[in-house]
Amino acid sequence: MKQWYVLQTKPKAEWQVAENLQLLEVEVYLPEIKTRKAGKSVQNQPFFPNYLFAEVDLTVIELSTIQWTPGLLRLITFDNEPTPVPAEVIDLIRHKLEAINLNGGQPRHDFKSGDTVRITEGPFQDMMAIFDQSTSSADRVRVLLEILGRASRVEVDPADLKKVTPDPDEPAAAPQKRPRRTRGRGRPIHPKD
């Protein structure tokens, strides 16, 4: 029975892997999105850099045939078993990307490093974060998010962020600076009596 699987490619080898698999008569879906580069025309870029989907019956085409495709790193597995992706997920990705591309492609953002943002979609919905930087892959951005008391870098779609403006009636909180405990290299500071 044919099922969809996720394949991880080498950097910038998504199209090469797609072509090689199509020669094996494997149906391939490489999600692409229109992006605008500064001073350049609109270009199609992989929406998930280094990943694509393949619909294949692993009882007809052996797993080793897929795994030895030039440009492919691996087929995504769980406990060393190929993990199928439901066809509904593939359909959802197709429809979402079709809508984005009909609207002219991925929206650009105007966030600056240090801006406070709220995540509006996805698993971190309604969490506050600090905008860090744009990434080079598919117009994603990196934000700093506090998870379990630790600042973690998370990549999200800039369309899923909303800038939070500070309340003018609320005084700005002064950053809390911890007092020094050492002089450097672990030498403690002793208070003078």
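Values in this text are rule-based calculations from the coordinates and carry no lab data. All values reported here derive from a predicted model rather than from experimental measurement. All Cβ positions, glycine included, derive from the backbone under ideal geometry; neighbour counts span all protein chains shown.
Scalar couplings 3J(HN,Hα) for the range 79-90, obtained by applying the Karplus form with A = 6.51, B = -1.76, C = 1.60 to θ = phi - 60°, are 6, 6, 10, x, 9, x, 10, x, 4, 4, 5, 4 Hz; x denotes Gly and Pro.
This ranking places H109, H95 by how few other beta-carbon atoms lie within 10 Å of each, fewest first, which gives H95, H109.
Among S64, S134, sorting on how many other beta-carbon atoms sit within 10 Å of each Cβ, with the fewest leading, yields S64, S134.
The trypsin sites (Lys or Arg not before Pro) of the range 78-121 that DSSP puts in a loop, and whose beta carbon has at most 10 other beta carbons within 10 Å, are K112.
Looking at the range 5-87, which trypsin sites (Lys or Arg not before Pro) are DSSP coil and have at most 13 other C-beta atoms within 10 Å of their C-beta?
Hits after loop and neighbour filter: K12, K37, K40.
Here R142, R183 are placed in order of increasing Cβ neighbour count within 10 Å, fewest first, which gives R183, R142. Here the spin labels are modelled as points 7 Å beyond Cα on the Cα-Cβ line, and at L92 and L63 they lie 2.6 nm apart.
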